[in-house]
1. Taking every pair of alpha-carbon atoms in the range 2-398, give the share separated by more than 36 Å as a whole percent.
2. Could you check the spin-label model distance between F197 and E240? Points 7 Å from the Cα along Cα→Cβ, value in nm.
3. Could you tell me the calculated FRET efficiency between S596 and I27, based on Cβ-Cβ distance and R0 = 51 angstrom, to the nearest 0.05?
4. Given a Förster distance of 22 angstrom, what is the FRET efficiency for K495 paired with H36, based on the Cβ-Cβ distance and rounded to 0.05?
5. With the cut-off at 22 Å, tell me which of the pairs K501/K621; K332/K610; K34/K635 have Cα atoms farther apart than that.
6. Please work out how much length the chain gains when fully extended from H586 to Y116, using 0.36 nm per residue of separation minus the C-alpha to C-alpha distance, in nm with one decimal.
7. Hey, what did the range 226-360 get for relative contact order, percent, Cα under 8 Å, at least 6 apart?
8. In a shell of Cβ-Cβ distance under 11 Å around N53, excluding N53 itself, what net charge do Lys and Arg (+1) and Asp and Glu (-1) give?
Amino acid sequence: MITLLKITFPISDPILIFALVLFIILIFPTLFKKLHLPEIIGLILAGVAVGPNGFNLLSQDVGLSIFSQTGLLYLMFLAGLEINVKEFLKNKTPSITFGILTFSFPFVLSGLLFFYIFNLSFIASLLISSMVASHTLVAYPIVGRFGITRNRVINIIVGGTIIADTIALLILAIVSESAKGQLDQIFWLRFAGYFMFFLLLVFFIIPRLSKWFFKNYDGESGTEYIFVLSMVFLSAVVAEYAHIEPIIGAFFAGLALSKRIPHTSPLMNRIEFIGNTIFIPFFLITVGMLADLKVLVQSFPILLIIFSLITIALFSKYIAAFLTQKIFRFTKTERNLIFGLSTARAASAIAIILVGFKLKLVDESIMNATIILILFSTLISSFVTQNSARKIALIQEDEKPDLKGLPERILIPISNPHNIEQLINLSVLIKEPDSKLPLYPFMVIDDDEKATENVINYNRILEKAKSHASSTDNVAQIISRIDTNIADGIARTVKEFLITKVVMGWHGRASTKDFFFGTILENVLQKTGKMIYVSRINSPLNLVENIHVLIPPAAELEIGFKDWVNSILNISSQSSSKIYFWGYEHTHQKIKDYISTLKSTNDIVYRSAKCPSMLKVISKKLKNEDLLVIINARKNSLSYNKHIKQIPYHIDDLVDNSSIVIIYPEQEIIYTGTIELQV
């Protein structure tokens, strides 16, 4: 025990412990996200650093243990809640096949390895092999970002996950119970009876109870959340009394309640928010506290165990993906996607190995090897999935729905009253000529003690915007929203009013706070996939002589490709300006093909330019009355380009007085608003 500045290490003050953990949750995921690494790894490594085998700042006291156990149950509950049972039944044949393969190969190979090569007991080998056979869809959010969640292999992977994880957790229940007795006939009869009672609770009583509750307490979100959490812990308690691990109870509670909790409901948002921001990070930190990375340089046998475990884990999952591809004639890219999604070990692996460690079936070397496996497999899963998802998105581009028929609604967030006229004017120019829907001037009001007073003041500003819109023969519907966060306010309004385009102002500067937490624009881009126009208008748009459009490669593959082309054509038509498209030949051809279907009379010139030097080339042609349009892209989207991304931050060095509009085309994204830690 060490004392420094009257603080004893490990820390025993509960307030200081909680504060330290909160700062870890705040800083490490953000830091690892900046480093393009999975956030789950940041929390685990943070636990390694502050734990008994690191700087010894924290120990596994009772308070931390309660949060940790709650986080583990919460993690397993969310894993069950995310599973769509109907989709599983719809694709049951390939799902069952993949589930059996992805469980059997890792289970058999790792079992033989640890029983015959490393001479572990049969029960310990059974436990480790069930851990290796399980997997968690840590990289699933990547699939959502690329808009391929409806690909034929995705539902098969999710269905296989149900099978593999359920078998692994049942084996865990058998192993944990047999560690306290013997695998005789009485044990199996008792286990079967307890398990049937448990299934009766989670699949008969809880669904009917939840149906009654949600029917009678509809809309009371706080009460609904407490009810759901109570059902999770009730299921965990019954599982424990039925001699089944509590995590199995939480997992099956998620399966039982998934039908009653829509994924887009406020209740689901509350469940994910609280779990992903508090309980699950606590659990992951305590997992890291169990690891002792010093063993990596202390013992060759442990290094051999780690190397063997990682090799078997990756190889066996790849074999399962390969055989699934051959049986159902999937493409190589789909095979790689199956491997990428199914190779990560996280929730189930941590849960299984922790139980084995507490039952003293495995020692610290296996525990540490599992932690290394989780780190390594999560990295591999993220990289392989992202690469495969990108390729599949390119292939499926022609199959994406045409969103042209949706009514156009333009939201105009206003932060600076002096920019009202410029933003309204730009919105009028990009608006489709035949659109009869109003413009939506909008302001976010801080949720503080002056909120009521500010609502009145801000509505006066919005009335000015409405008046200006009326002067352009356009109707405006003003919107003000009280919210704690500007980006959240914009994103929620986009959803509520079915907004298709957002027109914002931009100052082009980023503070230290913006770099660490992200600018308002960056946060809005993460939270909505709708088309966003970011403008800096220095001169009236009706004076524009030339429109120079800077286009990244693959821009034609985005959903919003036709929409941004239409917007530029509209600006050109109303300002009688000439258009210069700067980019790659393939993109130019796609623009020509599309414009040829519109019977356009715009004056258009196509110029070749490559990304690293594109802005320098264009800047030499710009005049003060010209409009520079930069087609940008959200990170991890099909047309994302690191050179284009940096242009807005350095544009003042090359462009002085010209007006600038940066367009982020509509792109498919999934945003949870919280740390992505589970399926």
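Taken together, the values in this text are just the output of simple stated rules run on the coordinates, not laboratory data. Just so it is clear, the structure is predicted and the values come from calculations on it, not from any experiment. Note that we place each Cβ from the backbone using ideal geometry, even for glycine, and neighbour counts take in every protein chain shown.
1. Values: 17788 of 78606 pairs.
Across the range 2-398, Cα pairs with separations above 36 Å total 23 percent.
2. Between F197 and E240, the simple spin-label model gives 1.6 nm.
3. Computed FRET efficiency for S596 and I27 comes out at 0.45.
4. The calculated FRET efficiency here is 0.20.
5. Checking Cα-Cα distances, K501/K621; K332/K610 exceed 22 Å.
6. Values: separation 470, 0.36 × 470 = 169.20 nm, distance 5.77 nm.
Going from the current span to full extension adds 163.4 nm.
7. Working: 55 pairs, mean separation 16.1, N = 135.
That works out to 12 percent.
8. After counting each charged neighbour, the total is -1.
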